[in-house]
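Engineer: I'd like to ask some things about the structure below.
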Amino acid sequence: MAAPGENLRINADRLWDALQEMAKIGPGVAGGNNRQTLTDEDAAGRRLFQKWCEEAGLAMGVDQMGNMFAYREGTDPNALPVYVGSHLDTQPTGGRYDGVLGVLGALEVVRSMNDLGIKTKHPIVVTNWTNEEGARFAPAMLASGVFAGVHELEWAYGRVDAKGKRFGDELERIGWKGDEKVGARKMRAFFELHIEQGPILEDEDIDIGVVTHGQGLKWLQVTIVGKEAHTGSTPMPKRRNAGLGMARVTELVHEVAMDYQPDAVGAIGHMEVYPNSRNIIAGKTVFTIDIRSPNKEVLDEMEARIRDGIDTICEALDVQYEIEQVGHFDPVTFDEGCVKAIRDAAERLGYSHRNIVSGAGHDACWINRVAPTAMVMCPCVDGLSHNEAEEITKEWAGAGCDVLFHAVLETAEIVP
Ligand code: GLV
Ligand code: MN
Ligand code: MN
(Lines give C-alpha, C1' and ligand atoms only; values in the text may rest on other atoms or scores of the structure.)
(Ligands and ions follow the chains in the order given, each with its own letter.)
Protein backbone atom coordinates (compact mmCIF):
# COMPACT_ATOMS: atom_id res chain seq x y z
CA MET A 1 0.00 0.00 0.00
CA ALA A 2 1.29 3.45 -0.85
CA ALA A 3 2.06 5.54 2.25
CA PRO A 4 0.94 9.16 1.97
CA GLY A 5 3.76 11.72 1.70
CA GLU A 6 4.86 13.36 4.93
CA ASN A 7 4.00 16.80 3.57
CA LEU A 8 0.26 16.10 3.58
CA ARG A 9 -1.56 17.92 6.40
CA ILE A 10 -5.17 18.73 7.20
CA ASN A 11 -6.33 22.32 7.68
CA ALA A 12 -6.21 22.78 11.47
CA ASP A 13 -7.77 26.27 11.33
CA ARG A 14 -10.80 25.00 9.45
CA LEU A 15 -11.16 22.04 11.82
CA TRP A 16 -11.03 24.40 14.80
CA ASP A 17 -13.62 26.74 13.28
CA ALA A 18 -15.97 23.81 12.66
CA LEU A 19 -15.58 22.65 16.28
CA GLN A 20 -16.44 26.11 17.59
CA GLU A 21 -19.37 26.47 15.18
CA MET A 22 -20.85 23.12 16.27
CA ALA A 23 -20.39 24.13 19.93
CA LYS A 24 -22.87 27.00 19.38
CA ILE A 25 -25.63 24.38 19.11
CA GLY A 26 -26.89 23.24 22.50
CA PRO A 27 -24.64 25.44 24.60
CA GLY A 28 -24.19 24.43 28.22
CA VAL A 29 -24.20 26.80 31.18
CA ALA A 30 -20.43 27.02 31.62
CA GLY A 31 -18.88 27.15 28.15
CA GLY A 32 -19.46 23.53 27.17
CA ASN A 33 -22.42 21.76 25.61
CA ASN A 34 -25.71 20.14 26.48
CA ARG A 35 -26.56 18.42 23.22
CA GLN A 36 -27.93 15.17 24.57
CA THR A 37 -29.00 12.48 22.20
CA LEU A 38 -32.36 12.76 20.39
CA THR A 39 -33.08 16.26 21.70
CA ASP A 40 -33.92 19.20 19.43
CA GLU A 41 -30.31 20.31 19.89
CA ASP A 42 -29.06 16.94 18.66
CA ALA A 43 -31.30 17.35 15.60
CA ALA A 44 -29.88 20.81 14.94
CA GLY A 45 -26.30 19.52 15.27
CA ARG A 46 -27.11 16.74 12.81
CA ARG A 47 -28.54 19.23 10.30
CA LEU A 48 -25.40 21.36 10.42
CA PHE A 49 -23.23 18.27 10.00
CA GLN A 50 -25.37 17.11 7.07
CA LYS A 51 -25.08 20.52 5.41
CA TRP A 52 -21.29 20.47 5.75
CA CYS A 53 -21.13 16.92 4.39
CA GLU A 54 -23.24 17.83 1.37
CA GLU A 55 -21.10 20.91 0.71
CA ALA A 56 -18.10 18.56 0.70
CA GLY A 57 -19.80 16.44 -1.98
CA LEU A 58 -20.77 13.55 0.29
CA ALA A 59 -24.03 11.61 0.02
CA MET A 60 -25.79 11.09 3.36
CA GLY A 61 -27.27 7.77 4.44
CA VAL A 62 -29.21 7.29 7.69
CA ASP A 63 -30.05 3.93 9.26
CA GLN A 64 -32.92 2.88 11.53
CA MET A 65 -30.91 3.90 14.62
CA GLY A 66 -30.25 7.38 13.23
CA ASN A 67 -26.58 6.62 12.56
CA MET A 68 -25.36 9.02 9.86
CA PHE A 69 -23.06 7.84 7.06
CA ALA A 70 -21.68 10.47 4.64
CA TYR A 71 -20.21 8.73 1.61
CA ARG A 72 -17.28 9.79 -0.57
CA GLU A 73 -16.84 7.64 -3.64
CA GLY A 74 -13.75 5.56 -4.28
CA THR A 75 -12.44 4.65 -7.72
CA ASP A 76 -13.25 0.94 -7.29
CA PRO A 77 -17.00 0.41 -6.92
CA ASN A 78 -16.39 -3.01 -5.37
CA ALA A 79 -13.91 -1.88 -2.73
CA LEU A 80 -15.13 -1.83 0.88
CA PRO A 81 -15.28 1.67 2.38
CA VAL A 82 -13.10 2.99 5.17
CA TYR A 83 -15.35 4.42 7.92
CA VAL A 84 -14.19 7.34 10.07
CA GLY A 85 -16.08 9.09 12.84
CA SER A 86 -17.38 9.28 16.39
CA HIS A 87 -20.42 10.96 18.02
CA LEU A 88 -22.02 14.42 18.11
CA ASP A 89 -24.14 13.84 21.23
CA THR A 90 -22.85 15.17 24.55
CA GLN A 91 -23.27 14.68 28.26
CA PRO A 92 -25.73 17.08 29.98
CA THR A 93 -22.69 19.04 31.15
CA GLY A 94 -20.37 17.96 28.37
CA GLY A 95 -17.37 19.51 26.70
CA ARG A 96 -17.01 20.74 23.11
CA TYR A 97 -14.68 17.98 21.95
CA ASP A 98 -15.68 14.59 23.39
CA GLY A 99 -16.93 12.81 20.26
CA VAL A 100 -17.30 15.98 18.21
CA LEU A 101 -13.59 16.06 17.39
CA GLY A 102 -13.86 12.57 15.91
CA VAL A 103 -16.81 13.45 13.65
CA LEU A 104 -15.55 16.83 12.50
CA GLY A 105 -12.01 15.45 12.26
CA ALA A 106 -13.36 12.84 9.84
CA LEU A 107 -15.11 15.58 7.87
CA GLU A 108 -11.86 17.55 7.82
CA VAL A 109 -10.07 14.50 6.36
CA VAL A 110 -12.50 14.59 3.42
CA ARG A 111 -12.36 18.35 3.07
CA SER A 112 -8.56 18.15 2.90
CA MET A 113 -8.76 15.36 0.33
CA ASN A 114 -11.03 17.59 -1.76
CA ASP A 115 -8.60 20.53 -1.45
CA LEU A 116 -5.70 18.35 -2.51
CA GLY A 117 -7.60 16.51 -5.26
CA ILE A 118 -6.89 13.15 -3.61
CA LYS A 119 -8.73 10.11 -4.90
CA THR A 120 -8.75 6.75 -3.14
CA LYS A 121 -9.53 3.26 -4.32
CA HIS A 122 -11.80 2.61 -1.32
CA PRO A 123 -14.72 4.93 -0.57
CA ILE A 124 -14.60 6.91 2.68
CA VAL A 125 -17.62 7.25 4.97
CA VAL A 126 -17.77 10.01 7.59
CA THR A 127 -19.88 8.68 10.45
CA ASN A 128 -21.90 10.05 13.37
CA TRP A 129 -23.05 7.32 15.77
CA THR A 130 -26.29 7.94 17.69
CA ASN A 131 -26.28 8.01 21.52
CA GLU A 132 -22.68 7.26 22.34
CA GLU A 133 -22.94 8.92 25.73
CA GLY A 134 -25.70 6.87 27.28
CA ALA A 135 -26.50 9.76 29.61
CA ARG A 136 -30.12 10.06 28.52
CA PHE A 137 -30.71 6.46 27.37
CA ALA A 138 -28.50 3.74 28.89
CA PRO A 139 -26.36 2.02 27.81
CA ALA A 140 -23.61 4.09 26.23
CA MET A 141 -22.67 3.30 22.61
CA LEU A 142 -26.21 2.12 22.02
CA ALA A 143 -26.44 2.55 18.24
CA SER A 144 -22.96 1.26 17.42
CA GLY A 145 -23.90 -1.69 19.66
CA VAL A 146 -26.96 -2.41 17.50
CA PHE A 147 -24.79 -1.98 14.40
CA ALA A 148 -22.30 -4.54 15.75
CA GLY A 149 -25.07 -7.02 16.60
CA VAL A 150 -24.64 -6.67 20.36
CA HIS A 151 -28.14 -5.25 20.96
CA GLU A 152 -31.45 -5.91 19.23
CA LEU A 153 -33.04 -2.97 17.41
CA GLU A 154 -36.36 -3.33 19.25
CA TRP A 155 -34.62 -3.51 22.62
CA ALA A 156 -32.77 -0.28 21.78
CA TYR A 157 -36.03 1.40 20.71
CA GLY A 158 -37.54 0.46 24.06
CA ARG A 159 -34.87 2.15 26.20
CA VAL A 160 -36.45 4.93 28.26
CA ASP A 161 -35.09 8.20 29.60
CA ALA A 162 -35.71 9.59 33.10
CA LYS A 163 -39.04 11.05 31.91
CA GLY A 164 -40.21 7.71 30.52
CA LYS A 165 -39.72 8.72 26.86
CA ARG A 166 -38.79 5.84 24.54
CA PHE A 167 -35.68 5.98 22.39
CA GLY A 168 -37.60 4.84 19.29
CA ASP A 169 -40.26 7.53 19.71
CA GLU A 170 -37.73 10.28 20.31
CA LEU A 171 -35.69 9.22 17.26
CA GLU A 172 -38.81 9.50 15.15
CA ARG A 173 -39.83 12.79 16.75
CA ILE A 174 -36.56 14.52 15.87
CA GLY A 175 -36.82 13.22 12.29
CA TRP A 176 -33.70 11.09 12.14
CA LYS A 177 -35.08 7.57 11.93
CA GLY A 178 -33.80 6.30 8.59
CA ASP A 179 -34.89 3.28 6.56
CA GLU A 180 -31.58 1.52 6.21
CA LYS A 181 -31.15 -1.76 8.10
CA VAL A 182 -28.71 -1.30 10.97
CA GLY A 183 -25.43 -3.16 10.56
CA ALA A 184 -25.94 -3.98 6.89
CA ARG A 185 -22.81 -2.07 5.88
CA LYS A 186 -19.49 -3.85 5.57
CA MET A 187 -16.32 -1.96 6.39
CA ARG A 188 -12.71 -2.26 5.29
CA ALA A 189 -11.77 -0.53 8.54
CA PHE A 190 -13.04 1.97 11.13
CA PHE A 191 -10.95 4.79 12.61
CA GLU A 192 -11.98 7.07 15.48
CA LEU A 193 -10.15 10.20 16.63
CA HIS A 194 -10.92 11.21 20.23
CA ILE A 195 -9.55 13.35 23.01
CA GLU A 196 -7.78 11.26 25.64
CA GLN A 197 -10.15 12.22 28.50
CA GLY A 198 -7.28 11.47 30.89
CA PRO A 199 -3.98 13.16 31.87
CA ILE A 200 -1.27 10.87 30.45
CA LEU A 201 -0.47 12.54 27.10
CA GLU A 202 -0.41 16.06 28.52
CA ASP A 203 1.66 15.05 31.57
CA GLU A 204 4.22 13.33 29.34
CA ASP A 205 4.09 16.08 26.69
CA ILE A 206 3.19 13.59 23.96
CA ASP A 207 1.24 14.57 20.83
CA ILE A 208 -0.49 11.30 19.95
CA GLY A 209 -1.95 8.35 21.80
CA VAL A 210 -1.92 5.18 19.71
CA VAL A 211 -4.84 3.32 21.27
CA THR A 212 -4.05 -0.37 21.52
CA HIS A 213 -6.80 -1.41 23.98
CA GLY A 214 -9.98 -0.17 25.57
CA GLN A 215 -10.85 -1.02 29.15
CA GLY A 216 -13.95 -3.06 29.89
CA LEU A 217 -16.98 -1.67 31.71
CA LYS A 218 -19.98 -2.71 33.75
CA TRP A 219 -22.90 -0.52 34.72
CA LEU A 220 -25.05 -1.95 37.52
CA GLN A 221 -28.22 -0.03 38.30
CA VAL A 222 -29.21 -0.65 41.90
CA THR A 223 -32.59 0.04 43.49
CA ILE A 224 -32.73 -0.03 47.28
CA VAL A 225 -36.13 0.04 48.95
CA GLY A 226 -36.50 0.86 52.64
CA LYS A 227 -39.33 2.77 54.28
CA GLU A 228 -40.24 6.44 54.16
CA ALA A 229 -40.54 7.75 57.71
CA HIS A 230 -40.20 10.95 59.74
CA THR A 231 -36.54 12.00 60.18
CA GLY A 232 -37.29 13.48 63.61
CA SER A 233 -39.54 11.02 65.34
CA THR A 234 -38.41 7.63 64.05
CA PRO A 235 -36.02 5.96 66.53
CA MET A 236 -32.64 5.14 64.99
CA PRO A 237 -32.95 1.35 65.44
CA LYS A 238 -36.31 1.34 63.65
CA ARG A 239 -35.17 3.08 60.48
CA ARG A 240 -35.00 1.30 57.13
CA ASN A 241 -32.89 3.91 55.41
CA ALA A 242 -32.37 3.46 51.65
CA GLY A 243 -30.17 6.59 51.60
CA LEU A 244 -27.77 5.04 54.08
CA GLY A 245 -27.69 1.92 51.92
CA MET A 246 -26.69 3.99 48.89
CA ALA A 247 -24.01 5.79 50.92
CA ARG A 248 -22.48 2.51 52.09
CA VAL A 249 -22.51 1.06 48.58
CA THR A 250 -20.81 4.24 47.33
CA GLU A 251 -18.02 3.70 49.82
CA LEU A 252 -17.83 0.00 48.93
CA VAL A 253 -17.41 0.71 45.19
CA HIS A 254 -14.57 3.13 45.94
CA GLU A 255 -12.83 0.65 48.25
CA VAL A 256 -13.11 -2.22 45.79
CA ALA A 257 -11.65 -0.09 42.97
CA MET A 258 -8.81 1.02 45.27
CA ASP A 259 -7.92 -2.63 45.88
CA TYR A 260 -7.12 -3.11 42.18
CA GLN A 261 -4.91 -0.10 41.54
CA PRO A 262 -3.65 1.03 39.09
CA ASP A 263 -5.83 -1.01 36.75
CA ALA A 264 -9.37 -0.34 37.90
CA VAL A 265 -11.78 2.52 38.52
CA GLY A 266 -15.20 2.70 40.08
CA ALA A 267 -17.77 5.34 40.98
CA ILE A 268 -21.46 6.10 41.23
CA GLY A 269 -22.35 9.08 39.02
CA HIS A 270 -26.12 8.66 38.88
CA MET A 271 -28.10 8.88 42.13
CA GLU A 272 -31.80 9.35 42.76
CA VAL A 273 -33.35 9.70 46.19
CA TYR A 274 -37.09 9.32 46.86
CA PRO A 275 -39.03 11.22 47.90
CA ASN A 276 -36.09 13.63 48.30
CA SER A 277 -37.59 15.68 51.09
CA ARG A 278 -35.51 17.18 53.91
CA ASN A 279 -37.45 15.54 56.71
CA ILE A 280 -38.29 12.16 55.23
CA ILE A 281 -35.90 9.23 55.60
CA ALA A 282 -35.28 8.06 52.02
CA GLY A 283 -37.61 5.18 51.24
CA LYS A 284 -36.04 4.40 47.90
CA THR A 285 -32.77 5.10 46.11
CA VAL A 286 -31.81 4.30 42.53
CA PHE A 287 -28.20 4.63 41.41
CA THR A 288 -25.76 3.27 38.86
CA ILE A 289 -22.39 1.74 39.67
CA ASP A 290 -19.78 2.25 36.94
CA ILE A 291 -16.74 -0.05 37.23
CA ARG A 292 -13.99 -0.40 34.63
CA SER A 293 -10.74 -2.27 34.07
CA PRO A 294 -8.56 -3.27 31.11
CA ASN A 295 -8.47 -6.76 32.67
CA LYS A 296 -11.58 -8.92 32.35
CA GLU A 297 -10.76 -11.07 35.41
CA VAL A 298 -10.37 -7.94 37.54
CA LEU A 299 -13.68 -6.57 36.28
CA ASP A 300 -15.48 -9.84 37.05
CA GLU A 301 -13.93 -10.02 40.52
CA MET A 302 -14.90 -6.43 41.27
CA GLU A 303 -18.46 -7.13 40.24
CA ALA A 304 -18.67 -10.25 42.41
CA ARG A 305 -17.30 -8.41 45.46
CA ILE A 306 -19.68 -5.51 44.94
CA ARG A 307 -22.70 -7.79 44.57
CA ASP A 308 -21.72 -9.64 47.78
CA GLY A 309 -21.14 -6.36 49.58
CA ILE A 310 -24.53 -4.98 48.56
CA ASP A 311 -26.19 -8.09 49.92
CA THR A 312 -24.43 -7.72 53.29
CA ILE A 313 -25.12 -3.98 53.50
CA CYS A 314 -28.80 -4.33 52.69
CA GLU A 315 -29.31 -7.20 55.10
CA ALA A 316 -27.77 -5.20 57.93
CA LEU A 317 -30.02 -2.22 57.17
CA ASP A 318 -33.16 -4.31 56.67
CA VAL A 319 -33.75 -2.92 53.18
CA GLN A 320 -34.53 -4.70 49.90
CA TYR A 321 -32.50 -4.36 46.73
CA GLU A 322 -32.51 -5.18 43.04
CA ILE A 323 -29.58 -5.01 40.63
CA GLU A 324 -30.00 -4.59 36.88
CA GLN A 325 -27.00 -4.63 34.54
CA VAL A 326 -27.60 -1.66 32.21
CA GLY A 327 -24.27 -1.60 30.39
CA HIS A 328 -21.41 -3.97 29.76
CA PHE A 329 -18.52 -4.57 27.45
CA ASP A 330 -15.41 -6.63 27.86
CA PRO A 331 -11.93 -5.11 27.46
CA VAL A 332 -11.08 -4.53 23.80
CA THR A 333 -7.92 -5.23 21.79
CA PHE A 334 -7.85 -3.11 18.65
CA ASP A 335 -6.76 -4.41 15.25
CA GLU A 336 -3.00 -4.72 14.85
CA GLY A 337 -2.98 -3.48 11.26
CA CYS A 338 -5.07 -0.38 12.02
CA VAL A 339 -3.03 0.36 15.15
CA LYS A 340 0.13 0.13 13.05
CA ALA A 341 -1.33 2.49 10.45
CA ILE A 342 -1.84 5.05 13.22
CA ARG A 343 1.60 4.55 14.76
CA ASP A 344 3.27 4.73 11.32
CA ALA A 345 1.34 7.90 10.52
CA ALA A 346 2.48 9.59 13.76
CA GLU A 347 6.05 8.53 13.03
CA ARG A 348 5.94 9.74 9.43
CA LEU A 349 4.51 13.09 10.49
CA GLY A 350 7.16 13.57 13.19
CA TYR A 351 4.71 13.59 16.11
CA SER A 352 5.71 12.13 19.46
CA HIS A 353 3.51 9.15 20.32
CA ARG A 354 2.97 6.35 22.80
CA ASN A 355 0.66 3.39 23.16
CA ILE A 356 -2.33 4.05 25.38
CA VAL A 357 -5.35 2.21 26.78
CA SER A 358 -8.66 4.03 26.47
CA GLY A 359 -10.28 4.63 29.84
CA ALA A 360 -13.60 5.66 28.32
CA GLY A 361 -15.98 3.65 26.21
CA HIS A 362 -16.16 4.49 22.50
CA ASP A 363 -18.16 3.39 19.47
CA ALA A 364 -14.87 1.94 18.21
CA CYS A 365 -15.08 -0.63 21.02
CA TRP A 366 -18.20 -2.16 19.46
CA ILE A 367 -17.24 -1.64 15.81
CA ASN A 368 -14.01 -3.52 16.54
CA ARG A 369 -16.18 -6.66 16.62
CA VAL A 370 -17.30 -6.30 13.01
CA ALA A 371 -14.41 -4.49 11.32
CA PRO A 372 -10.68 -3.89 11.79
CA THR A 373 -10.68 -0.84 14.07
CA ALA A 374 -8.34 1.51 15.90
CA MET A 375 -8.33 4.91 17.58
CA VAL A 376 -6.10 8.00 17.67
CA MET A 377 -6.01 10.17 20.78
CA CYS A 378 -4.84 13.70 21.40
CA PRO A 379 -4.24 15.29 24.81
CA CYS A 380 -6.80 17.35 26.71
CA VAL A 381 -6.07 19.98 29.36
CA ASP A 382 -5.66 18.45 32.86
CA GLY A 383 -7.16 15.24 31.50
CA LEU A 384 -10.56 16.75 32.16
CA SER A 385 -13.63 15.47 30.32
CA HIS A 386 -17.37 15.02 30.96
CA ASN A 387 -17.11 18.56 32.27
CA GLU A 388 -18.00 21.79 30.48
CA ALA A 389 -14.47 23.03 31.12
CA GLU A 390 -13.04 20.27 28.89
CA GLU A 391 -10.36 21.95 26.73
CA ILE A 392 -7.85 21.13 24.00
CA THR A 393 -5.62 23.26 21.77
CA LYS A 394 -5.92 23.79 18.05
CA GLU A 395 -2.46 22.25 17.66
CA TRP A 396 -3.39 19.07 19.54
CA ALA A 397 -6.56 18.68 17.49
CA GLY A 398 -4.63 19.35 14.27
CA ALA A 399 -1.94 16.78 15.07
CA GLY A 400 -4.55 14.14 15.93
CA CYS A 401 -6.41 14.86 12.71
CA ASP A 402 -3.19 14.76 10.65
CA VAL A 403 -2.55 11.26 11.98
CA LEU A 404 -6.15 10.26 11.26
CA PHE A 405 -5.76 11.66 7.73
CA HIS A 406 -2.66 9.59 7.02
CA ALA A 407 -4.02 6.38 8.55
CA VAL A 408 -7.22 6.74 6.52
CA LEU A 409 -5.40 7.55 3.28
CA GLU A 410 -3.07 4.61 3.68
CA THR A 411 -5.97 2.25 4.34
CA ALA A 412 -8.18 3.67 1.57
CA GLU A 413 -5.21 3.56 -0.85
CA ILE A 414 -4.48 6.76 -2.75
CA VAL A 415 -4.93 6.46 -6.50
CA PRO A 416 -2.10 8.24 -8.32
C1 GLV B 1 -18.67 7.21 27.46
O2 GLV B 1 -18.49 8.41 27.34
C3 GLV B 1 -18.18 6.52 28.64
O4 GLV B 1 -18.92 6.47 29.65
O5 GLV B 1 -17.02 6.07 28.64
MN1 MN C 1 -16.80 10.20 23.45
MN1 MN D 1 -18.28 10.95 26.64
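The values are calculated or read from the model by the stated rules, or taken from the named source; none is laboratory data. Quantities reported herein were computed from a predicted structural model and do not represent experimental measurements. Every residue, glycine among them, receives a Cβ derived from its backbone with ideal geometry; neighbour counts consider all protein chains shown. Each accessible area value is taken on the protein alone, full model and side chains, heavy atoms only, with ligands, DNA and RNA left out. Shrake-Rupley method; radii C 1.70, N 1.55, O 1.52, S 1.80 Å.
Engineer: If you place +1 on the Cβ of every Lys and Arg, -1 on the Cβ of every Asp and Glu, and leave all else neutral, what size is the dipole of the range 1-128 about its Cα centre, to the nearest 20 Debye?
Structural biologist: For this selection, approximately 100 debye.
Engineer: Right, something else. Looking only at Gly158, Gly269, Gly209, which one moves most when the chain is put into a Gaussian network model with springs between Cα atoms under 10 Å?
Structural biologist: Maximum among the listed residues: Gly269.
Engineer: Rounding to the nearest 20 debye, state how big the charge dipole of the range 280-416 is about its Cα centre with +1 on each Lys and Arg Cβ and -1 on each Asp and Glu Cβ. Write out the running numbers ahead of the final one.
Structural biologist: Details: 11 positive and 25 negative charges, 78 e Å.
Roughly 380 debye, rounded to the nearest 20.
Engineer: Moving on. Roughly speaking, to the nearest percent, how much of the range 103-244's 1.4 Å accessible area is carbon and sulfur? Kindly include the intermediate steps, with their values, before the conclusion.
Structural biologist: On the way: 2770 of 5640 Å².
The value for the range 103-244 is 49 percent carbon and sulfur by accessible area.
Engineer: Solvent-accessible area of Thr93, probe 1.4 Å, all protein chains present, reported in Å² to the nearest ten, please.
Structural biologist: Using a 1.4 Å probe on the heavy atoms, I get roughly 70 Å².
Engineer: Return the Rg/Rh ratio of the range 290-416 with Cα-based radii and a Kirkwood Rh.
Structural biologist: When Rh is taken as the Kirkwood radius, the ratio is 1.12.
Engineer: Please list the helices of the chain that count as membrane-span-like by this rule: a mean Kyte-Doolittle hydropathy of at least 0.5 together with Cα atoms stretching 20 Å or more along the helix axis, each helix being a complete DSSP H run. All intermediate terms of the calculation are to be shown ahead of the outcome.
Structural biologist: Details: long enough: 40-55 (23 Å, -1.41); 100-116 (24 Å, 1.12); 242-258 (24 Å, 0.78); 296-317 (32 Å, -0.24); 394-412 (26 Å, 0.45).
Taking the DSSP H segments of the chain (at least 20 Å long, mean hydropathy at least 0.5), we get 100-116, 242-258.
Engineer: Starting from 0.36 nm per residue, how many nanometres of slack lie between Arg166 and Val357 once their C-alpha separation is accounted for?
Structural biologist: Extending this stretch completely gives an extra 65.4 nm.
Engineer: Which Cα, out of Gly327, Pro275, Ile289, lies furthest along the positive dipole direction of the range 238-350 (beta carbon charges, K/R +1, D/E -1)?
Structural biologist: Farthest along the dipole direction, towards plus: Pro275.
Engineer: Can you compute the FRET efficiency between Glu336 and Lys119 using 1/(1 + (r/R0)^6), with r the Cβ-Cβ distance and R0 = 22 Å? Round to the nearest 0.05.
Structural biologist: Numbers: r = 27 Å, r/R0 = 1.24.
With R0 = 22 Å, the Cβ-Cβ based efficiency is 0.20.
Engineer: Give me the accessible area per residue for the range 207-321, probe 1.4 Å, as a whole number in Å².
Structural biologist: That works out to 51 Å² per residue.
Engineer: What FRET efficiency comes out for the pair Gln20/Asp308, r = Cβ-Cβ distance, R0 = 45 Å, nearest 0.05?
Structural biologist: Given R0 = 45 Å and the Cβ-Cβ separation, E is 0.40.
Engineer: Here's a follow-up. Points 7 angstrom from Cα along the Cβ direction at Asp205 and Thr250: gap in nanometres?
Structural biologist: Label at Asp205, label at Thr250, 4.0 nm between them.
Engineer: For Lys119, list the lysines whose Cα falls under 24 Å from its own Cα; do not include residues on the same chain fewer than 8 positions away.
Structural biologist: The qualifying lysines are Lys51, Lys186, Lys340.
Engineer: Compute the distance from the alpha-carbon center of the range 324-402 to that of the range 76-115, in whole Å.
Structural biologist: Spelled out, the Cα-based centre of one part sits 13 Å from the other.
Engineer: Expressed as cubic angstrom per residue, what is the convex hull volume of the alpha carbon set of the range 1-105?
Structural biologist: So the per-residue Cα hull volume is 127 Å³.
Engineer: How many Å² of accessible area per residue for the range 87-133, probe 1.4 Å? Write out the running numbers ahead of the final one.
Structural biologist: Details: 890 Å² over 47 residues.
Here the per-residue accessible area is 19 Å².
Engineer: Separate question: Per-residue HN-Hα couplings for the range 204-215, Karplus 6.51 cos²θ - 1.76 cosθ + 1.60 at θ = phi - 60°, whole Hz, x for Gly and Pro?
Structural biologist: 3J(HN,Hα) across the range 204-215, in whole Hz: 8, 6, 10, 6, 10, x, 8, 7, 9, 9, x, 6.
Engineer: If you rank Leu384, Leu252, Leu107 by how much accessible surface each has, with a 1.4 Å probe, what is the order from largest down? All intermediate terms of the calculation are to be shown ahead of the outcome.
Structural biologist: On the way: Leu384 60, Leu252 30, Leu107 0 Å².
The most accessible residue leads, giving Leu384, Leu252, Leu107.
Engineer: So, one more: First measure r as the distance between the Cβ atoms of Glu347 and Val29, then evaluate 1/(1 + (r/R0)^6) with R0 = 51 Å and state the FRET efficiency to the nearest 0.05.
Structural biologist: Using R0 = 51 Å, I get an efficiency of 0.75.
Engineer: Pick from Val332, Val103, Val222: which residue has the top mean-square fluctuation in a GNM of the chain where Cα pairs under 10 Å get a spring?
Structural biologist: Looking only at Val332, Val103, Val222, the biggest GNM fluctuation is shown by Val222.
Engineer: Another one. Report the residues of the range 271-296 in range of a label on Gln261: point 7 Å along Cα→C-beta, backbone N strictly under 17 Å from it.
Structural biologist: Of the residues in the range 271-296, 292-294 have backbone N under 17 Å from the label point off Gln261.
Engineer: Could you put Tyr321, Tyr97, Tyr351 in order of accessible surface area, largest first, with the 1.4 Å probe and the full protein assembly present?
Structural biologist: Numbers: Tyr321 80, Tyr97 5, Tyr351 45 Å².
Sorted descending by solvent-accessible area, the residues read Tyr321, Tyr351, Tyr97.
Engineer: Still on this structure: Taking θ = phi - 60°, what integer Hz values does the Karplus form 6.51 cos²θ - 1.76 cosθ + 1.60 yield along the range 164-174, in sequence order, with x for Gly and Pro?
Structural biologist: x, 7, 7, 3, x, 5, 5, 4, 5, 4, 7
Engineer: Go ahead and set up a Gaussian network model of the chain, Cα springs under 10 Å, then flag whichever of Val100, Val210, Val265 fluctuates most.
Structural biologist: Judging by the Gaussian network model, the answer is Val265.
Engineer: For Lys227 and Leu80 in one chain, what is 0.36 nm times their gap in residues minus the Cα-Cα distance, to one decimal in nm?
Structural biologist: Residue separation times 0.36 nm, minus the Cα-Cα distance, leaves 47.0 nm.
Engineer: Taking the range 39-161, how much of its Cα-Cα pair set, in percent, is spaced more than 20 angstrom apart? Please report the intermediate quantities before stating the final value.
Structural biologist: Numbers: 3316 of 7503 pairs.
Of all Cα-Cα pairs in the range 39-161, 44 percent lie more than 20 Å apart.
Engineer: Could you work out the equivalent-ellipsoid semi-axes for the chain, taking the square root of 5 times each eigenvalue of the Cα gyration tensor, largest first, in whole Å?
Structural biologist: They are 41, 22, 19 Å, listed largest first.
Engineer: With +1 assigned to the C-beta of every Lys and Arg and -1 to the C-beta of every Asp and Glu, and no other charges, what is the dipole magnitude of the chain about the Cα centre in debye, to the nearest 20? Write down the numbers at each step before the final one.
Structural biologist: Details: 41 positive and 64 negative charges, 215 e Å.
Around 1040 debye, computed over the chain.
Engineer: Which percent, to the nearest 5, of DSSP beta bridges fully inside the chain are antiparallel?
Structural biologist: In the chain, DSSP labels about 70 percent of beta bridges as antiparallel.
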